[in-house]
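Trainee: Next up is a structure, given as structure tokens.
The values are calculated or read from the model by the stated rules, or taken from the named source; none is laboratory data. From a predicted model like this one, the values you see are computed outputs, not experimental measurements. When we count neighbours, we look across all protein chains shown, and the Cβ atoms used for this are built from the backbone with ideal geometry, even at glycine.
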Amino acid sequence: MECARTWLPRIRAGVWRGCVVAGVLWFAGSAAGQDAKISEAAMRTCAKECHQEIFNHKVMHGPALSDCGACHVQGNPADHKFYLIKPKNELCKRCHELPHSGTEHVPVREGQCVQCHDPHGSEYRRMLVADPKRELCLKCHQKNFEGQKFVHGPVAVGACIVCHQPHSSPQPKLLVQEPRALCLTCHAEVAEKAEAAGMHKHGALDDGCTQCHDPHASSHKFQLREQAPELCLSCHREKFQEMVGNAKVVHGAVTVENGCTGCHEPHGSRLASLQRDTQPGLCLSCHDKTFKTADGSELANMSQLLQQNPDHHGPIRDGMCTACHSAHAGDHFRLLVEDYPPQFYAPFDMGTFKLCFKCHIPDLVLKPSGQGLTQFRDGDRNLHYLHVNQEKGRTCRACHEVHASKRPSHVREAVPFGTGGWLLEINFQATQEGGSCAPGCHQAKEYSRRTLLPPIKGTLKPSEGTP
């Protein structure tokens with residue numbers, strides 16, 4: 001019994017010491033062979049003592065909450081260093097295999113997930129490193145939008161993913177859809193209107209909206225890449241040069257900012273040439289006031305003139321301003337499409353009146369006999385021929401207002417004469433058989449289509465003899 005009482009405690013103590021040594025050796029061996037394992041105790045230390053800030057986020061990465069060892073291995077405990085279990089550009093793929101197609105976002109392609117995502121936690125969804133509605137994309141792409149006056153709505157609110165995939169896309173620029181279809185998800189009414197039955201569609205619509213519009217931001221309204229006319233000339237420069245390049249007279253509306261879109265719809269129109277309105281509607285939208293020209297002369301308020309003078313010239317009644325005027329540029333006075341003398345007097349030449357003879361028969365001024373040609377005759381004597389066909393011939397403007405008049409046949413009430421534009425009243429009076437006039441350029445005269453009236457003696461100035 002004494003022996004038992006002496007050795008039994010020693011045996012128990014030996015067994016205990018052996019167990020402790022064996023346990024220490026086992027732990028050391030395990031740590032040496034399996035350094036990917038981080039104990040629960042170490043996890044608690046990470047969370048509560050050393051890396052507490054990592055865990056104070058609204059949105060947490062799953063492994064950060066439960067298993068640091070999913071991504072980290074511990075090196076020498078004395079150094080308190082942890083290493084990634086795989087290279088950084090491969091680590092995320094262990095759990096997050098992404099489908100790749102076509103265009104890849106550069107951080108995805110390079111395995112730099114942490115450029116956009118915090119690996120531990122964040123205040124934003126999907127552990128994004130910044131507010132996706134503000135700073136996130138602008139960290140890299142801000143230079144594209146700085147200082148721009150007109151910003152696309154999704155860009156302004158930071159909704160980049162409305163148009164772009166964050167990782168990869170089969171479309172260019174990581175777009176979520178084919179470019180034109182993408183724009184039409186919000187702007188469908190543009191295509192619906194331009195492609196409706198009976199519409200003339202701008203060909204650029206088929207080439208894509210971004211030919212003309214910057215999808216993010218611009219210094220120009222509607223996010224145009226350039227202001228018209230420069231924007232339009234990016235496609236139409238050759239045609240523009242044909243019309244304007246060597247022209248002597250250029251329509252002011254062509255060269256001013258936004259001039260092209262003042263007359264033309266950019267997407268589609270029911271009218272030819274993408275006109276915004278009929279020709280009178282377009283022209284009178286500007287010519288509803290007087291203009292001073294480069295040579296100091298004045299263009300009439302055409303809207304007012306037409307309202308106050310009911311007898312309109314045929315092209316105006318037909319709504320065809322371009323029957324006489326070029327819309328863009330030309331080589332003739334007042335953008336006329338053919339020669340027409342700007343003066344009161346001009347030596348007779350058929351070429352001088354090319355514009356008028358586009359519609360009116362030349363015999364009006366070529367034949368002395370007016371029978372069957374004109375109502376402006378004295379008996380058979382053609383009074384058009386009398387006035388025009390001579391060395392000091394009167395031009396059409398001497399008697400006719402070419403746009404509109406209160407009198408039939410566009411006869412003027414007064415005509416500007418001389419460099420100062422002195423208004424000479426014509427005092428024309430129509431009768432059943434003819435008429436009379438008493439202008440400042442000669443004494444009163446009358447004519448009758450029924451009989452030839454003799455000229456009133458002494459009423460013609462020496463330079464105004466009949467041919």
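Trainee: Of the numbered conditions (1) touching a Lys or Arg at 6+ places or on another chain (Cβ under 7 Å); (2) over 14 Å from Phe353 (Cα atoms), Leu423 fails exactly one; give the number of that condition.
Mentor: Status for Leu423: all satisfied but (1).
Trainee: Further question: Only residues that are more than 21 Å from Arg180 (Cβ to Cβ) and not in a strand (DSSP E or B): list them for segment 263-279, please.
Mentor: If the condition is that a residue be more than 21 Å from Arg180 (Cβ to Cβ) and not in a strand (DSSP E or B), then Cys263, Arg270, Leu271, Ala272, Ser273, Arg276, Asp277, Thr278, Gln279 are the ones that fit.
Trainee: Yes or no: Lys239 charged (D, E, K, R) and in contact (Cβ under 8 Å) with a residue 24 or more places away in the chain?
Mentor: Numbers: charged (D, E, K, R): yes; in contact (Cβ under 8 Å) with a residue 24 or more places away in the chain: no.
Criteria not met by Lys239.
Trainee: Consider Thr322 against the criteria (1) surrounded by 17 or more Cβ atoms within 10 Å (Cβ to Cβ); (2) outside any loop (DSSP other than H, G, I, E, B): it satisfies all of them except one. Which criterion is unmet?
Mentor: (1)
Trainee: Now for a separate question. Search segment 257-269 for residues that are at positive phi and pair each with any residue that is of a type in the set (Lys, Arg) and surrounded by 18 or more Cβ atoms within 10 Å (Cβ to Cβ) when their beta-carbon atoms are under 8 Å apart and the residues are at least 6 apart or on different chains.
Mentor: Partner pairs satisfying both residue conditions: none exist.
Trainee: Go through segment 184-262 and tell me which helices (runs of 4 or more DSSP H), entirely inside it, have 2 or more residues that are among the basic types (Lys, Arg). Walk me through it before giving the result.
Mentor: Values: elements: 204-207, 230-244, 252-255.
Per the criteria, 230-244.
Trainee: Here is a further query. At pLDDT 95 or above and surrounded by fewer than 19 Cβ atoms within 10 Å (Cβ to Cβ): is that true of Leu373 in this structure?
Mentor: Numbers: at pLDDT 95 or above: no; surrounded by fewer than 19 Cβ atoms within 10 Å (Cβ to Cβ): yes.
No.
Trainee: State yes or no: is Asp331 of a type in the set (Asp, Glu), in contact with a Pro (Cβ under 9 Å, 6 or more places away or on another chain) and touching a residue at least 12 places away in the same chain (Cβ under 8 Å)?
Mentor: On the way: of a type in the set (Asp, Glu): yes; in contact with a Pro (Cβ under 9 Å, 6 or more places away or on another chain): no; touching a residue at least 12 places away in the same chain (Cβ under 8 Å): yes.
So Asp331 does not fit the description; no.
Trainee: Follow-up question, since we're still on this one. Could you list all residues from segment 76-122 that are over 24 Å from Leu138 (Cβ atoms) and in contact with a Ser or Thr (Cβ under 9 Å, 6 or more places away or on another chain)?
Mentor: Passing the criteria: Pro99, His100, Ser101, Gly102.
Trainee: How many residues does segment 108-129 contain that are crowded, with 17+ Cβ neighbours inside 10 Å and of a type outside the set (Asp, Glu)?
Mentor: Initially, segment 108-129 is screened for residues crowded, with 17+ Cβ neighbours inside 10 Å, giving 108, 113, 116-122, 124, 127-129.
This time we only want the ones that are of a type outside the set (Asp, Glu), so: 108, 113, 116-117, 119-122, 124, 127-129.
The qualifying residues number 12.
Trainee: How many residues, within segment 283-319, are of a type outside the set (D, E, K, R), more than 20 Å from Val250 (Cα to Cα), in a loop (DSSP other than H, G, I, E, B) and within 32 Å of the chain's Cα centre (by Cα)? Steps first, please.
Mentor: The first filter runs over segment 283-319 and keeps only residues of a type outside the set (D, E, K, R), leaving 283-287, 290-291, 293-294, 296-297, 299-310, 312-316, 319.
Okay, now just the ones that are also more than 20 Å from Val250 (Cα to Cα), so 303-310, 312-316, 319.
If we keep only those that are in a loop (DSSP other than H, G, I, E, B) as well, we get 309-310, 313, 319.
Going one step further and asking which of them are within 32 Å of the chain's Cα centre (by Cα), we end up with 319.
Result for segment 283-319: 1.
Trainee: Is segment 328-350 home to any residue that is assigned to a loop (DSSP other than H, G, I, E, B), surrounded by 15 or more Cβ atoms within 10 Å (Cβ to Cβ) and of a type in the set (Lys, Arg)? Walk me through it before giving the result.
Mentor: So in segment 328-350, the residues assigned to a loop (DSSP other than H, G, I, E, B) come out as 328, 331-332, 337-344, 347-349.
If we keep only those that are surrounded by 15 or more Cβ atoms within 10 Å (Cβ to Cβ) too, we end up with 328, 332, 337-341, 344, 348.
Add one more test, that the residue is of a type in the set (Lys, Arg), and what stays is none.
No, segment 328-350 contains no residue that is assigned to a loop (DSSP other than H, G, I, E, B), surrounded by 15 or more Cβ atoms within 10 Å (Cβ to Cβ) and of a type in the set (Lys, Arg).
Trainee: Report, by residue number, each residue of segment 362-408 that is in contact (Cβ under 8 Å) with a residue 24 or more places away in the chain, in contact with an Asp or Glu (Cβ under 8 Å, 6 or more places away or on another chain) and either among the β-branched types (Val, Ile, Thr) or more than 22 Å from Asn301 (Cβ to Cβ) (or both).
Mentor: Those that are in contact (Cβ under 8 Å) with a residue 24 or more places away in the chain, in contact with an Asp or Glu (Cβ under 8 Å, 6 or more places away or on another chain) and either among the β-branched types (Val, Ile, Thr) or more than 22 Å from Asn301 (Cβ to Cβ) (or both): Lys392, Pro408.
Trainee: May I pose another question? At pLDDT below 95, farther than 24 Å from Pro266 by Cβ and within 22 Å of the chain's Cα centre (by Cα): which single residue out of Glu146, Glu189 fits that description? Outline the logic, then answer.
Mentor: On the way: Glu189 fails: farther than 24 Å from Pro266 by Cβ.
Step by step, each of Glu146, Glu189 is checked, and only Glu146 is at pLDDT below 95, farther than 24 Å from Pro266 by Cβ and within 22 Å of the chain's Cα centre (by Cα).
Yes or no, residue by residue, for (1) at pLDDT 90 or above; (2) under 18 Å from Pro341 (Cα atoms); (3) surrounded by fewer than 17 Cβ atoms within 10 Å (Cβ to Cβ):
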residue	(1), (2), (3)
Cys359	yes, yes, yes
Phe417	no, yes, yes
Gly421	no, yes, yes
Glu425	no, no, yes
Gly434	yes, no, no
Ala438	no, no, yes
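Trainee: Moving on. Take segment 250-270 and flag every residue that is over 19 Å from the mean Cα position of the chain (by Cα) and crowded, with 17+ Cβ neighbours inside 10 Å.
Mentor: Across segment 250-270, the qualifying residue is only His251.
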